[in-house]
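See structure below.
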Amino acid sequence: LAATILGCVVRALRLGAAQALVDHLTVPALRRFVGSVTSAGLVSIVALGPSTPAGAEPPRPSIAVMHQLNSQPTPAPATVVSPAPTASMRQLDSGPEASIEPVATTATVDDMWTVAPGDSFWLVAQEHLAATTGARPSEREVTRYWRALIEANRASLPDPLNPDLLFAAAVLVLPPV
């Protein structure tokens, strides 16, 4: 293949002696095939012209929109609400349809994560689960915690609809495992 490509270059440059040497090294059937495919490609480009139909406007370039974000990361909220019933929940009614209301607890330093350069929600979830459980978490466990981590911090993100936009030095609240 390399000799055939070299042969095409030598033919294009019209180097007679080198052309004879390269022809000796290449397979004649392959040389004819590459030549005909190249010729057909050039003919189709010349014959068909540009791909824009007659009378149609050429596509306009896309417009990029940039938004200036706050350069300082927004601090995370100081409270964490437990998603599952725990001992820190209180019962509102004592009747048969009693409901349980979460009681906000103050977050401690152990419940916070300061984002370092290169961190992502996935990495934070994986490392926190490994540190908490003492074992390497499965992908399913990381996925579950990753989703809870995003939801717990969505309101404090620079763009709540884009959790991939995570700045270094931002402080994340770590929901219970």
Hits in the range 20-29 (condition: modelled with pLDDT under 75 and either assigned to a loop (DSSP other than H, G, I, E, B) or open to solvent by less than 90 Å² (accessible area, probe 1.4 Å) (or both)): 22, 23, 26, 27, 28, 29
Residue in the range 144-157 that is at pLDDT below 65 and open to solvent by 50 Å² or more (accessible area, probe 1.4 Å) present: no
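Residue-by-condition table, conditions (1) aliphatic (A, V, I, L, M); (2) modelled with pLDDT of 90 or more:
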| site | (1), (2) |
| --- | --- |
| 71 | no, no |
| 87 | yes, no |
| 100 | yes, no |
| 105 | no, no |
| 121 | no, yes |
| 128 | no, yes |
Count of the range 135-176 residues which are out of contact with any strand residue (DSSP E or B) (no Cβ under 8 Å at 6 or more places or on another chain) and among the aliphatic types (A, V, I, L, M): 10
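The values are calculated or read from the model by the stated rules, or taken from the named source; none is laboratory data. The shown structure was predicted, so the numbers you read here are calculated from the model rather than taken from an experiment. Methodologically, a virtual Cβ is constructed for each residue, glycine included, from the backbone with ideal geometry; neighbour enumeration extends over all protein chains shown. Accessible surface areas use protein heavy atoms only, side chains included; no ligands, DNA or RNA. Shrake-Rupley method; radii C 1.70, N 1.55, O 1.52, S 1.80 Å.
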